[in-house]
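Right, one structure below, let's go through it.
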Amino acid sequence: MNVTVLLRVIDDPELAAGVTGSTLRLDDSSLVALGLAFDLARRLDGVDLSAAAAGPAEWDVALREALALGVARVMRTWDDDLTLPDIPATSAALATAIPGDADLVLAGGPASDHGSGVLPRGRRPGPRAAPARRSHGD
């Protein structure tokens, strides 16, 4: 089963440019979605985990966190004409980063820095993105 986790990066000044030399990190909802994906991979054989993000090259330092945690590969898409506040255009770019062979796409809740959680429907055939949720008792 091919599972893709959607990732978002935020600027966290509390990091004080620690060991990575950057204040960028994966947002909390991305970490929750990654946790759910890793849990799924532990429970099922043959799960291939990848991640996708739509953001500028500066995000790469934070996206490497997903690789360090055990994600096989991270695809990042971006166009210099995009701006992060342009939610529809950014979500459309994100949709292009999702591999065509993804059986399941996991996403965290709304973005922690501005509260959006929009992905275009019908943008491409295949799996739909759904918010990652923890059920009580997990």
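Points worth noting:
- For segment 1-96, diffusion coefficient by Stokes-Einstein and Kirkwood Rh (Cα), 4 °C, 1.567 mPa s, µm²/s: 93 µm²/s
- Residues Ser22, Ser30, Ser50 arranged by fewest to most Cβ contacts within 10 Å: Ser22, Ser50, Ser30
- Ranked packing of 58-65, 91-98, most packed first, by mean Cβ within 10 Å: 91-98, 58-65
- Cβ crowding within 10 Å averaged over residues, with 31-39, 72-80, 99-107, 4-12 ranked highest first: 4-12, 31-39, 99-107, 72-80
Only the coordinates and a few stated rules stand behind these numbers; no lab work does. None of the values given here were measured: they were computed from a predicted structure. All Cβ positions, even for glycine, are placed from backbone atoms using ideal geometry, and neighbour counts span all protein chains on display.
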